[in-house]
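Have a look at the structure below before the remarks.
Values quoted throughout were computed directly from the atomic coordinates according to the rules given, and no laboratory measurement underlies them. Please read all numbers here as calculations on a predicted model, not as lab measurements. Note that each Cβ is placed from the backbone with ideal geometry, even for glycine, and that neighbours are counted across all protein chains shown.
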Amino acid sequence: MSIASPTSPLSPPADVAETAGAAPAEAAVKTRRRRADLLVAATALVMAVWVTGALWSDPTHRASGVNSGDQAFFEWLLSYGAYALTHGADPLFTHLLNVPDGVNLAVNTSISVYAFVFAPLTILAGPAMTFLVILTLNLAGTAYAWYWLFSRHLGANRIGAAVGGLFCGFAPAMISHANAHLNWTAQWVIPLIIARCLLLVRRDRPVRDGALLGLLIAVCFSIAAEALFFTALALGVFTLVWVLSRRAEVKALVRPALTGLGSGALVAGALLAYPLWLHFAGPQRYHGTGFDPHVHNEDLAAYAAWPERSLAGAVGLNTDLAANPTEENSFFGLPLLLLVIIGLVVLWRRTDRGHRANLLGLGVTAGLFFLLSLGPELRWLGRLTAIPMPEALIGGLPVFNAALPSRLALIVAPVFGLVLAWLATALSRTDGGSMRVTLPGPRWAWIAGLTVALLPLVPTPLLARERAPVPDFFTSGQWREYVADGGTVVPVPITNDLLPDGQRWQAAALADAAGAGEGVFRLPAGFFLGPGGPNGTGRIGPIPRPTQTLLEQVAKSGTAPEITDADRAALRDDLRYWNASIVVLGDDVHGAHWPTYQPALKTVMTDLLGPPQRVGDVWLWKAPAA
C-alpha cells in the first residue's frame, strides 16, 4: 500500500522509521522539514482566510451568500453541543427542537466533537464566530493534513506534497462545500485515518495504531459519517486491487492488519455503540435521504467544467452543471483532467512493479468512484440521457441509499492530488521523496502543464450576504419573562431550511444558557433530517402542520390571504400541539433563498390572533389558553 516502500508496506519511509539518535545531517533535514511544514501551514491558513474573507468582515451579521440555511443549522448544532456539555443533556437526541417528537441528531450531522471542543468559544463569542473559525480551520487543516500524508507516508518530497496538499485542501469540491458545510470541509481527518492504516502494516505496533485508528473513526463519524463511509469504501477497493496485484507479499501483512483492525473495531465500537444504535434503531430515525439520485448525480461534463468560485469562474468560464452551488463535487477543468490521465500513464510506464500496484489501485478506485458519482442515470450537459449507470445496482441498498451519488466524486480529488504530488516531486530538483521518476520531454512543458491545469482553479472568495442580528429579546434573556419551563416559542414564520430565523434565535439562547447554566425554550418544527419522506425515507423537517404551510406561503409571496375561522381553529390546534407559550415575529425575516415579506406576516398573524404586543425589538402574541 505504500508508494514510499514498493517492496513491502512493512518497510516505512525514512522519516517514519525510529532511530536511536540523529546525526548532524539528519538534524539539518529535520530543521528544513519543520520550516517547510510551517510555510505550508501558513500558506494554507492565508488561503483559507482569503476564501472566507467576506464572512470575516462581520461574522455575526454576515452569512453564506448561497447557503445561509445550512449555516444556521450548523450554528445551532454548535450551540446545542455546548448546552448539552454544560447541562449533561443527551448530545445526540433533543426535544428542544421539533416539539413534541424531538430530533435524532445521530442521523443528522451532529458534529459533537466540534461542539464540545469549541464550546468555550461558542459561549464567549457566539455560534456564528465558532462556525467561521471551524470553517476556516477546516480548509487550512485539510490542505496541511494531505501535505503531511503525502510527504511523510506516500513518497512525495516537500514541494510535491505542498502542490498536492494545497490542491486537496482547496479543490473545487472543498470550495463548493465551504458554502456552510462544516462536515464536508472537515477532510483533515481522512489523511490521518489513511496514515494510521498504513502504520498498521509498517511497524510492529498494531494494537496501539489500531486503537488510534478507532479513535479517529469515532471522530470522523461524529463530524462526517458519510465521508467516513466513502473513505472506508475507497480504502477497501484500493486494498483489494493492491492485494490482487501483490499476492506474494500479502501473507506477511495479514496478521498485523487484522490485529490492528480488531483493536480499532473495539475502540470505535465502544465509542460509537450509542450513536450507532440511535442511527439505526433509535427514535426519529429514517432510511435513505429522500433526495432524488436522478437530481443529485454528477453530470459527466462537470468533470471537465470549471468551478464557479475560481479564477476561471470569475472570467465567466463556469457552467451551471451542479444541482446547487454547494455540490460542485468534481469541476476539475479539462486541462487538469488531461494532465492527471497523462501523468498516471507516464508514471505507470516509468516506475517499477511495486509502484505500479499502487498506481493501479489508485486508478481503479478513482475510476470506480467516478462511475458511481454519475448516479443511476447518465446526465450530460444538464439532461438525463436514459442510459443506466452502475450506481443503479447499489443505490437502493442500506447505507448506500443515504448517500448522494454526486458526492462520491469527492474521493476522486485526493487521488488527483496524489498524482499531482508525484508529478511535482519528479519535476523538483530538490532531494527527498521516493518517487524517483524521470518524466519524458522538456521539464518546462510539464511545469507549464501544471500551471495551465491549476492556475484557473485558484479559488476566489466565497459569496456572503447580510442577515439581521438575533433580536435583543432573545440575546438579553427577556424571553424568560414570557415562557415557562418547557414552554415553546413559535417563530413567525415556522422554522425550516428556507426560513432559519427561529433556529438562530434558539442557538443564541442555547449559547447563553450554556454559559449561565439555565434552561432554554423549545421550538416547533425546525431544520433537520427526520422521518416522513416517501417509502420510509427521510425528509427535511417534519410534515408541515397547517399553520406552517400558511405562514411559509405568506412569507414567500407577500400576499396576505383572507383568514377564515378554519384557519384560526387550525392555529389553535397547532399551538396546543406545540405547547406554545408565545408567538414571535421579528422586524426582519431572513429567507435563505428568496426575499421574504414581514409586513404580510404581521397582517396575517394579527388576523389570526389579534393585535400583537411590542416587546423590545419583536412583535409578540401570547398563546390562547387551551
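Placing unit charges on each Cβ (+1 for Lys and Arg, -1 for Asp and Glu) gives the chain a dipole about its Cα centre, and among N183, V470, A304 the Cα reaching farthest toward its positive end belongs to A304. Using a cutoff of 8 angstrom between alpha carbon atoms and counting only pairs six or more residues apart, the relative contact order for the chain works out to 19 percent.
In terms of Cα atoms, the Rg and Dmax of segment 508-626 work out to 15.7, 46 Å.
The packing ranking, built from the mean of other Cβ atoms within 10 Å per residue, places the peptides 124-133, 477-486 in the order 124-133, 477-486, highest first. Principal-axis analysis of the Cα atoms of the chain puts helix 247-281 at an angle of about 10° to the longest axis. In units of the rule-of-thumb radius 2.2 N^0.38 Å, segment 126-167 shows an alpha carbon radius of gyration of 1.43.
The alpha-carbon of K251 sits under 18 angstrom from the alpha-carbons of these aspartates and glutamates, leaving out residues fewer than 8 places away in its chain: D204. Bridges between two residues of segment 481-626, per DSSP, are antiparallel at a rate of about 65%. The stretch between R35 and D587 holds 193.5 nm of extra length on full extension. This uses 0.36 nm per residue minus the Cα-Cα distance.
Taking all Cα pairs closer than 8 Å and separated by 6 or more residues, the relative contact order of segment 469-622 comes to 29 percent. Considering the chain, its Cα convex hull presents a mean projected area of 29.3 nm². Secondary structure note: in the chain, about 75% of the DSSP beta bridges are antiparallel. When both segment 227-258 and segment 58-131 are represented by their alpha-carbon centers, they are found 37 Å apart.
Taken about its Cα centre, the chain carries a charge dipole of about 2700 debye when Lys and Arg each add +1 at the Cβ and Asp and Glu each add -1 at the Cβ.
Counting other Cβ atoms within 10 Å as a rough exposure proxy, the listed residues V49, V492, V163 run V49, V163, V492 from fewest neighbours to most. Given q = 0.08, 0.13, 0.18 Å⁻¹, what are the Debye log10 I(q)/I(0) values for segment 266-423, with equal point scatterers placed on the Cα positions and solvent ignored? Taking Cα atoms of segment 266-423 as identical point scatterers yields -0.31, -0.75, -1.10.
What FRET efficiency, computed as 1/(1 + (r/R0)^6) with R0 = 22 Å and r the Cβ-Cβ distance, is obtained for T60 and E481, rounded to the nearest 0.05?
It comes to 0.35.
Within the same chain, lysines fewer than 8 places from K602 are excluded, and of the rest, those with a Cα less than 20 Å from its Cα are K556, K622. When only the Cβ of Lys, Arg, Asp and Glu is charged (+1, +1, -1, -1), the dipole of segment 469-622 relative to its Cα centre reaches about 260 debye.
Taking each residue as 0.36 nm, the span from L266 to L244 lengthens on full extension beyond its C-alpha to C-alpha distance by 5.1 nm. Full extension of the segment from L276 to R205, taken as 0.36 nm per residue of separation minus the current Cα-Cα distance, would add 22.8 nm. Residues whose amide H comes within less than 5 Å of that of L378, counting only those at least five positions distant or on another chain, are T385, A386, I387, M389 (H built at 1.01 Å from N in the peptide plane). Helix 189-202 axis versus longest C-alpha principal axis of the chain: approximately 40°, rounded to the nearest ten.
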